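Everything on this sheet refers to the single structure shown next.
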Amino acid sequence: MTIMVHASGIRGYLEVMQDLNFDPKPLLAQHEITLEQIRQDDAWLDQKSVIDLYERTAALTQCSDLGLRISKHQDISILGVLGLIMQSASSMRGVLDYTSDFLFLHGPGLAISLNEQSPIFENSAEVIFEIRINSYAPQRQTIDNCLGTTHRILKWLAAENYELKAVSLPHMPLASINEYQRFFGAPILINQERAALHLSRHTLDSQPHSTNPALREIAEDYIHCYFRNPAEKVGVNVRKALRLHLSTPRANKIHVANMLALHPRTLQRKLAQEGSSFDAIKDDIRKELSLQYLWQTDISMSQLTDILGFSEQSTLSRATKRWFGLPPKQLRQQKGKLKPLISNKLNK
């Protein structure tokens with residue numbers, strides 16, 4: 001199944017290409033994207049193609065901060081109707097709740113969720129960003145772009161109440177950390193478990209500078225009447241919970257079922273009806289993250305073992321042999337040779 005995203009999400013790409021004096025037309029053609037589509041905000045694009053376009057463009061132009069540069073051209077207007085309802089929320093927490101519920105309108109492969117307690121900072125929350133597509137290709141530029149745009153939108157809405165404590169990146173940046181710090185105005189934490197913005201509770205409790213209850217009723221009624229989230233399944237929520245607790249003892253069926261207010265057997269039955277299982281979802285997340293960390297970071301095998309929630313490195317080694325036919329160290333060493341083969345196979 002092809003996961004699509006609105007063309008408004010790559011607004012600024014052409015402007016950055018012009019700044020770099022780079023002709024993007026050959027690359028766009030390779031990814032089956034036309035100039036006409038890019039210029040129409042409501043056009044739909046293959047999200048995998050967009051992700052790969054960003055990575056290829058960054059490599060060919062040697063622009064390691066491409067995602068951040070593109071986000072400088074983006075604001076809340078790229079979200080269309082969702083942008084309107086976000087502006088009508090009575091608190092910044094409400095803004096994030098609406099974003100979490102309705103981001104599928106912009107692209108069903110994108111997700112934002114709120115963890116009320118940041119695992120790193122006290123009196124802070126964690127705004128988690130996730131790309132929910134079965135892709136094992138690099139996603140650095142897309143993650144940077146989405147974090148950058150989310151930061152800009154939240155900062156605009158919260159105005160003087162915006163307090164960003166830090167930014168978590170699930171990869172090793174290609175650009176210098178100083179570039180990121182200048183953009184976000186906050187410390188940058190690399191090789192983290194997930195992409196996230198850490199915001200103070202004061203920011204969440206504050207009121208956006210544009211609150212309009214009447215607009216909220218109109219926009220919310222419109223969304224509920226004409227749109228339904230096609231991805232709203234139990235498996236989606238299980239995946240979200242596992243991503244949040246994968247490295248902890250809470251990443252088990254009983255705890256996740258409690259989080260979802262379900263009996264473990266009910267959870268198991270609902271997942272079976274969706275053609276999945278708890279263990280299959282957990283295994284898939286570990287499989288996806290293993291390549292991400294082996295190929296996009298330089299973390300140690302012991303760190304990777306902890307992140308994936310394995311008890312020991314030998315378990316990690318057995319898992320990667322089962323998934324890819326090689327132990328983790330060999331996967332990292334043979335990245336250049338294996339990357340195209342594994343990515344093409346798994347992305348089909």
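The values are calculated or read from the model by the stated rules, or taken from the named source; none is laboratory data. Not measured: the values here are computed from a predicted model. Neighbour counts are summed over all protein chains in view; Cβ atoms, including those assigned to glycine, are modelled from backbone coordinates with ideal geometry.
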Q | Extreme residue, nearest to the chain's Cα centre (by Cα), among residues of the stretch 273-284 that are within 19 Å of Asn258 (Cβ to Cβ) and hydrophobic (A, V, I, L, M, F, W, C) | A | Ile281
Q: Hey, could you check the stretch 161-184 for residues that are buried (at least 18 other Cβ atoms within 10 Å of the Cβ) and out of contact with any helix residue (DSSP H, G or I) (no Cβ under 8 Å at 6 or more places or on another chain) and say which is nearest to Glu55 (Cα to Cα)?
A: Ser168
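So that you can scan it fast, the table gives a plain yes or no per residue for (1) buried (at least 19 other Cβ atoms within 10 Å of the Cβ); (2) of a type outside the set (A, V, I, L, M); (3) under 20 Å from Gly148 (Cβ atoms):
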position: Gln62; (1), (2), (3): no, yes, yes
position: Gly80; (1), (2), (3): no, yes, yes
position: Ile85; (1), (2), (3): yes, no, no
position: His106; (1), (2), (3): yes, yes, yes
Q.
Among the residues that make up the stretch 124-131, is at least one of them in the same structural domain as Ala196 (by TED's automatic domain parsing) and free of Cβ contacts under 8 Å to residues at least 60 places away in the same chain?
A. no
Q) Looking at (1) of a type outside the set (A, V, I, L, M, F, W, C); (2) more than 20 Å from Gly12 (Cβ to Cβ); (3) not in a strand (DSSP E or B), can you tell me which one Glu130 breaks? A) (3)
Q. When you go through (1) over 18 Å from the mean Cα position of the chain (by Cα); (2) crowded, with 20+ Cβ neighbours inside 10 Å one by one for Asp298, which number turns out not to apply?
A. (2)
Q: Please find, among Ser276, Ser311, the residue that is in a loop (DSSP other than H, G, I, E, B), within 26 Å of Pro108 (Cα to Cα) and either among the hydroxyl-bearing types (Ser, Thr, Tyr) or assigned by TED's automatic domain parsing to the domain that holds Pro119 (or both).
A: Ser276
Q: Go through (1) within 14 Å of Arg239 (Cβ to Cβ); (2) free of Cβ contacts under 8 Å to residues at least 24 places away in the same chain and name the single condition Ile285 misses.
A: (2)
Q.
Could you go through the stretch 138-152 and let me know if any residue there is assigned to a loop (DSSP other than H, G, I, E, B), over 21 Å from Tyr98 (Cβ atoms), aliphatic (A, V, I, L, M) and under 16 Å from the mean Cα position of the chain (by Cα).
A. no
Q. If you check every pair at least six apart or on different chains, which have Cβ atoms under 6 Å apart with a residue in the stretch 19-38 that is at pLDDT below 95 first and a residue that is among the aliphatic types (A, V, I, L, M) second?
A. Gln37/Ala7; Gln37/Ala43; Ile38/Ala7
Q.
Among the residues in the stretch 136-143, are any closer than 22 Å to Ser290 by Cβ, buried (at least 19 other Cβ atoms within 10 Å of the Cβ), of a type in the set (Phe, Trp, Tyr) and touching a helix residue (DSSP H, G or I) at 6+ places or on another chain (Cβ under 7 Å)?
A. yes
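Scanning the stretch 314-348 for residues that are assigned to a loop (DSSP other than H, G, I, E, B) and polar (S, T, N, Q), which turns out modelled with the lowest pLDDT?
This residue is Asn347.
Specify which of the listed residues (Ser49, Ser113, Ser8) is outside any loop (DSSP other than H, G, I, E, B), in contact with a Lys or Arg (Cβ under 7 Å, 6 or more places away or on another chain) and of a type in the set (S, T, N, Q). Reasoning before the result, please.
Numbers: Ser49 fails: in contact with a Lys or Arg (Cβ under 7 Å, 6 or more places away or on another chain); Ser8 fails: in contact with a Lys or Arg (Cβ under 7 Å, 6 or more places away or on another chain).
Going through Ser49, Ser113, Ser8 in turn, the sole match is Ser113.
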Q: Have a look at Leu154, Leu174 and point out the one that is at negative phi, at pLDDT below 95, assigned by TED's automatic domain parsing to the domain that holds Gly9 and of a type in the set (A, V, I, L, M).
A: Leu174
